[in-house]
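A.B. asks: Take a look at this one; I'll ask things after.
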Amino acid sequence: MNKRLDARRKGGGLKLKLSYGRSGLQCELPGERVMKVLRSRWPEPLRRPAAAVRNALGAPVGASPLAEAAKGAGSVCIVVSDVTRPVPYRVLLPPLLEALENEAGIPAGNISLLVATGLHRPCSPDELEEMLGKSTVRRYAVHNHDARDEAAHMEVGTTARGTRVQIDRRYMDADFRVTTALVEPHFMAGFSGGRKALCPGISSAGSIGRFHAARLLSMDGVETGRLEGNPVHAELLEAALMAGADFSVNVTLDGRRRLTGVFAGSLEAAHAAGCRACADSLRDALPAPVDVVLTTGSVYPLDATFYQAVKGIVAAAPVVKLGGTIIIAAECSEGMGGAEFTELAKRFGSPEVFLSRILAADDFVVDQWQLQMLCKALEKADVVLVSGGAADEAAEAVGIRTALSVETALAEALEKSGPDACAAVIPEGPYVIAACGM
């Protein structure tokens, strides 16, 4: 079955716009060699997004309305995502803050925002203004989480796996605590959002390492789009519930970063509702694996580093044949990623050597989890990176070839696989849950 969707043809060519950087990447592919273009099927964007946010805050799942729940609180801490997550905070935050100030009666000086950086770099003042809006940054206290500052965390319990759960004190000390996040496919936890705002979002470096432990990631069930039977999801949820949240808001977006859903309520129920909507909209399938998969790291800021672009590679692995090729288009405008990830990549060796080393170690190295997930794809297929060039040298150090264009990369990969080889394309990259036989 040669099913080709949502693409423009010119002669024998298949014209597509791939998610890439801030403006996308146009390409023309040999249509007769493309079995299918895998796409999301998001509902129409919300026509009145601010009203949708207000409605969700007033009719939450598993919790009282926000203004009612927060009334009487002396202080409020709102966890927000960092710049690597395209949460539309200029739409989401005004109704939330209005409910807290105008309806619950909490002064602006008693409301703070805590940026869930995990182990990412802190957001710059310019990034905070771009993300949250100038008026929000000027009116409320905004802090970057620092996972490496041990004294800034409070221990709240120990999970069944033995993880000591340490959470930012500024969050734990607040009278009323709110989490916000984006629900999208996640290559380890099944879906982002919900519990991830806290764990790893505002957890200590030690806790984050345990959440990404090599043995945990090597277990069955660790995959994109799966919650049930996923040990990473189970660990994160158990830890997050120890920290607790008084109210949670999760959102879903379409491929153009427009709001498609708002899910508010308790930490667990609001997240579950968002995940159901996400799964219904983002699953797409092939009848069988293909020789070549062309995918992307999605748009900026998710494809700003190779570290983040790994998610697109891993998400494509289920639909590529053993011995096939995954081509990843990711701008990587900020290069490889953090210093730890870059240094680890330089000492990679091979997938076999790397996996043997981290599974045998008693401790962990920061960012080893990203390379461990990359190894799963590299053990199955060759990987080729098409980018702006800033990450090429480091990518080649982990066994990934580079190409100047997706057309060149696809032509070479198809030639390698033979005259009957065919390809699939995932223009939205990790924003599609790709599968076979469904």
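A.B. asks: So what's the gap between the Cα centers of the range 75-125 and the range 247-274, to the nearest angstrom?
C.D. replies: Centre-to-centre distance over Cα atoms comes out at 15 Å.
A.B. asks: Sticking with this one: Give me the net charge of LEU241's neighbourhood, meaning all other residues with Cβ under 14 Å from the Cβ of LEU241; Lys, Arg count +1, Asp, Glu -1.
C.D. replies: Numbers: positive: ARG177, ARG195, LYS196; negative: GLU235, GLU238, ASP246, GLU268.
Residues close to LEU241 contribute a combined charge of -1.
A.B. asks: What residues qualify as long-range amide H neighbours of PHE247, i.e. H under 5 Å apart, gap of 5 or more or another chain, H built at 1.01 Å from N?
C.D. replies: Residues meeting the amide H criterion: ARG177, THR179.
A.B. asks: Taking every Cα atom in the range 62-166, find the radius of gyration and the maximum pairwise distance Dmax, and write them in Å.
C.D. replies: Here Rg and the maximum Cα pair distance are 15.3, 43 Å.
A.B. asks: Given a cut-off of under 8 Å on Cα pairs at least six residues apart, what relative contact order in percent is computed for the chain? It would help to have the intermediate numbers written out before the result.
C.D. replies: Working: 1013 pairs, mean separation 84.8, N = 438.
This gives 19 percent for the chain.
A.B. asks: At a 10 angstrom cut-off on C-beta neighbours, averaged per residue, how do the peptides 111-117, 406-412 rank from highest to lowest?
C.D. replies: On the way: 111-117: 22.3, 406-412: 18.7.
Highest to lowest by the protection proxy: 111-117, 406-412.
A.B. asks: Tell me which label goes with the value of volume of the Cα convex hull per residue in Å³ computed from the coordinates here: [x] 215; [y] 161; [z] 131.
C.D. replies: [z]
A.B. asks: Within the chain, how many Lys pairs that are eight or more residues apart, or on different chains, come under 21 Å at the alpha-carbon?
C.D. replies: Eligible lysine pairs with Cα atoms under 21 Å apart amount to 22.
A.B. asks: Here's a follow-up. Once the Cβ-Cβ distance between GLU412 and GLU343 is put in as r, and R0 is 30 Å, what FRET efficiency do you end up with, to the nearest 0.05? The partial results should precede the final answer.
C.D. replies: Numbers: r = 30 Å, r/R0 = 1.01.
That pair, GLU412 with GLU343, gives E of 0.50.
A.B. asks: Quick one: dipole size for the chain, taken about the Cα centre, charges +1 on Lys/Arg Cβ and -1 on Asp/Glu Cβ, in debye to the nearest 20.
C.D. replies: For the chain, the charge dipole is close to 1200 debye.
Every number here is computed from the coordinates shown, using simple stated rules; none is lab data. From a predicted model like this one, the values you see are computed outputs, not experimental measurements. Virtual Cβ from ideal backbone geometry, glycine too; neighbours counted across all protein chains shown.
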